[in-house]
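Colleague: The structure's right below; bear with me while I get my questions together.
The values are calculated or read from the model by the stated rules, or taken from the named source; none is laboratory data. Not measured: the values here are computed from a predicted model. Positions of Cβ are generated from backbone atoms using ideal geometry, with glycine treated the same way; all protein chains shown enter the neighbour counts.
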Amino acid sequence: MQAGLLDGVQYGDTVLEARGITKRFPGVVANDHIDFEIRAGEIHAILGENGAGKTTLMNILFGLLQPDEGELYIGGKRVEFRSPLDAIDLGIGMVHQNRKLVSAHTVIENIILGRPRAGTVLNLKRAEEEVNELCERYGFKIDLRAKVWQLSEGEKQIAEILKALYRGAKVLILDEPTSALAPPQTKNLLASIQAMASDELAIVPFITHKLPIVLEISDRVTVLRRGKVTARLETQDATEESLARQMVGREVIFRVESTKVETGKRILQVENLSTRSDKGFLALKGVSFSIREGEIFGIAGISGNGQHELAEVLAGLRKAEEGQVILEGQDITHSSSLERWRMGVGYIPSERVDVGSIGDFSLVENVAMNFYFDDDFSGPGIVNYGDIRQLTEELISEYDVAAPSPDTKAKNLSGGNLQKIILARVLARKPRLVIANLPTQGLDVGATEFVRNKLVEAKEAKAGVLLISEDLDEVLSLSDRVAPIYEGKFMGIIPGDVAKLEQVGAMMAGLRLEGNIIEETGDT
C-alpha cells in the first residue's frame, strides 16, 4: 500500500473517489454502479432509507467489504483495500453506529488498542498527551481514564471519533453520528464536526432521519435509493421535503398527528414503582401513573434517566424493587415476561438487535418467538411452522418489509426493516398494552413515519400505548399525556394538547415547572 497519499491536500481537493462501485448479495444488488467523491474540508452527507445501500458503500470505502465492480482512488491514485487496516494506513477512519469499544477498558486504552503510535514500547502518558491535544483542538470533553461502561452514549461517540483521529484519519466516515444523542450532546458534536472540517479533514456524516441536521451542517448531499444514486446536490439547494422525496420516492409526512380517541377503562396502573439499574443503583424512584384504552402516554427524557429500566420492569425483564404493576385489575408485579405476553402486554425494545431479535434465526423463527405458546400455532410439544410461516408472509406484506423471503435471517435486514418485523410480530397479537421503547431511533424518515402511524393505529384499536422517546417532536405530536423524566422521577404529567417544547425540555433537565401540570391519582 502507498502511504502519504493524503499528505499535503488543500481545501477543495478531491481526496477520496469511488467510481462505478457495485456490490451484490444473494437476491439483492446493494450498490449499483455508484459514483461518489469527497473533497477536503467539506461535510458530505449520504442519505437514503434503511437498506438503500449506504452502509454497504461505507463498508467498501473502509475496506470491510470489497466491491464486485468499480474502483477506488485516494489522492488521485487507484487503491485496493484488502481490510480496514489498509484504509486506516491511507487515512480513512470510520465510526460505526454500533460501538466497537471494550467496556472493561478505559477510554485511552480503547483508543490505542491494536494501533499504538508510541513504537514497540507502550507509552500511555504520551498517548494521553496526544489525545488531549485532539480534544482541545476539536472541543471534545471526556475523561480518558474512565471505563467505557461508565460513559454516556455521547461520550462513547467521542471515544470512537478520537480513536479514528488518533490513528491519523483525514477522511472520517460517521455512521448515524447523532442517532443516540440528546439535544445538548448533538449540538456539541456538530460543533466538533464543523471544527474538523475547517481543519481540512473530509467529513462524511451519513444521516438518514435527522434532515434538519443535514441542512444545518453539510456542504453537499448524495441520495441513494435501492442501491442507486438518485440525487447529487449542493445542500443550499435542498429542503427537507425535497430530500425526503428523493430518498423515499414519494411525499413524506414529517409530523404524524395522533387522532383524538375517547379513552376507555384503565389498562395499566403503576404505583410507587422503583427498580435498580444493571450497576446496582436506584434508577427508577417511586413512579406512579396510569394508561387507559385509546391513549398514548409519552415519556420524554435524556438517555439514562430511568426510562429504559421502567420499560423492562413493565415488560417483566427486570425485578421491581418496590411498588406495584397492575394490568386490568390484576397484579402482575412479579409475573414473568411470558405470562405478561399471554395477558396482552406487547414489548418493542430499544435494542432491536440484541433483545428484539435473534440474528441467526429466520424471520419465521423470529415471529414464532411471540406465537409458539398459542394453541392456534402449536400442539402438544409441536410448533406448527406452516401456519407461522403463512403469518410471517402476511406480516412481511402488510408491513412492507424488504426481505427476499421469510427464510431470510434477521441479521441480514436493515435497521428499518428489522424494526418493522419486530413491530409486526408484537402488534399482530393485538396487545392491550404496547410498550414502545425508542421505536424510531436510528430509522429513516419513511420508516419513522410508518412506525408512528402503526402506534396511532394501535391506539385507535383501543390499546394503551406507552411511548418512550428521546425525540421531543415525536413525543409531543403523538402523546395524549406527556411525562418528562429526570433522574428516575417524573417531573410532572402534562396534557398533550398544552405541552410545549420549551416546557418539556426544561423539565427533562430537572426543572419542576408550574402550570398545566396534573398529578396522577387513582381516578386519573
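Colleague: Identify, by number, the condition in (1) within 24 Å of the chain's Cα centre (by Cα); (2) part of a helix (DSSP H, G or I) that R137 doesn't meet.
Modeller: R137 satisfies every listed condition except (1).
Colleague: I've got another one for you. Do we find a residue being in a helix (DSSP H, G or I), surrounded by fewer than 23 Cβ atoms within 10 Å (Cβ to Cβ) and at pLDDT 90 or above anywhere in the range 483-505?
Modeller: No; the residues of the range 483-505 include none that is in a helix (DSSP H, G or I), surrounded by fewer than 23 Cβ atoms within 10 Å (Cβ to Cβ) and at pLDDT 90 or above.
Colleague: Report, by residue number, each residue of the range 1-43 that is closer than 18 Å to E80 by Cα and aliphatic (A, V, I, L, M).
Modeller: Matches in the range 1-43: M1, A3, L5, L6, V15, L16, A18, I21, I34, I38.
Colleague: Only one of these is part of a helix (DSSP H, G or I), within 30 Å of R352 (Cα to Cα) and at pLDDT below 85: G114, G154. Name it.
Modeller: From the options G114, G154, the qualifying one is G154.
Colleague: Among the residues of the range 315-351, write down those that are among the acidic types (D, E) and either without any contact (Cβ under 8 Å) to a residue 24 or more places away in the chain or over 21 Å from L467 (Cβ atoms) (or both).
Modeller: Listed by number, the residues that qualify are E321, E322, D331, E339, E351.
Colleague: Of the residues L165, L85, which is assigned to a helix (DSSP H, G or I) and touching a residue at least 60 places away in the same chain (Cβ under 8 Å)?
Modeller: One residue alone meets the criteria, L165.
Colleague: Related question: Exactly one of (1) β-branched (V, I, T); (2) under 22 Å from P439 (Cβ atoms); (3) assigned to a loop (DSSP other than H, G, I, E, B) is unmet by V313. Its number?
Modeller: Unmet condition: (3).
Colleague: Regarding R145, is this residue more than 22 Å from P177 (Cα to Cα), surrounded by fewer than 20 Cβ atoms within 10 Å (Cβ to Cβ) and at pLDDT below 90?
Modeller: So R145 does not fit the description; no.
Colleague: Looking at the range 425-444, which of its residues are assigned to a helix (DSSP H, G or I) and surrounded by 23 or more Cβ atoms within 10 Å (Cβ to Cβ)?
Modeller: Residues satisfying the conditions are R425, V426.
Colleague: Across the range 434-473, what is the number of residues that are modelled with pLDDT under 90 and under 13 Å from V504 (Cβ atoms)?
Modeller: Going through the range 434-473 one residue at a time, the tally reaches 4.
Colleague: Please determine, by comparing only the residues of the range 359-382 that are touching a helix residue (DSSP H, G or I) at 6+ places or on another chain (Cβ under 6 Å) and not aromatic (F, W, Y), which one is nearest to G442 (Cα to Cα).
Modeller: Restricting to residues being touching a helix residue (DSSP H, G or I) at 6+ places or on another chain (Cβ under 6 Å) and not aromatic (F, W, Y), the top hit is G359.
Colleague: Oh, and also: Specify which of the listed residues (G91, G76, G114) is surrounded by fewer than 18 Cβ atoms within 10 Å (Cβ to Cβ), at positive phi and either assigned by TED's automatic domain parsing to the domain that holds Q185 or hydroxyl-bearing (S, T, Y) (or both).
Modeller: Testing whether each residue is surrounded by fewer than 18 Cβ atoms within 10 Å (Cβ to Cβ), at positive phi and either assigned by TED's automatic domain parsing to the domain that holds Q185 or hydroxyl-bearing (S, T, Y) (or both) leaves just G76.
Colleague: Conditions: (1) part of a helix (DSSP H, G or I); (2) within 26 Å of P212 (Cα to Cα). I173 meets all but one. Number of the miss?
Modeller: (1)
Colleague: List every residue pair whose Cβ atoms lie under 7 Å apart, where the two residues are 6 or more positions apart in sequence or sit on different chains, the first residue falls within the range 217-240 and is more than 18 Å from I38 (Cα to Cα), and the second residue, located anywhere, is of a type in the set (D, E) and in a strand (DSSP E or B).
Modeller: Listed pairs, sorted by first residue: G227/D32.
Colleague: So, one more: Mind checking whether some residue in the range 286-302 is outside any strand (DSSP E or B), assigned by TED's automatic domain parsing to the domain that holds G492 and touching a Pro at 6+ places or on another chain (Cβ under 9 Å)?
Modeller: yes
Colleague: Would you mention how many residues in the range 4-60 are among the small types (G, A, S) and free of Cβ contacts under 8 Å to residues at least 40 places away in the same chain?
Modeller: Matching residues across the range 4-60 total 3.
Colleague: May I ask you to verify whether V325 is part of a strand (DSSP E or B) and either β-branched (V, I, T) or within 24 Å of the chain's Cα centre (by Cα) (or both)?
Modeller: yes
Colleague: When you check L57 against the structure, is it part of a helix (DSSP H, G or I), at pLDDT 90 or above, within 25 Å of the chain's Cα centre (by Cα) and assigned by TED's automatic domain parsing to the domain that holds L201, yes or no?
Modeller: Yes, satisfied.
Colleague: Among the residues of the range 4-49, which ones are assigned to a strand (DSSP E or B), surrounded by 16 or more Cβ atoms within 10 Å (Cβ to Cβ) and acidic (D, E)?
Modeller: Those that are assigned to a strand (DSSP E or B), surrounded by 16 or more Cβ atoms within 10 Å (Cβ to Cβ) and acidic (D, E): E17, D32, E37.
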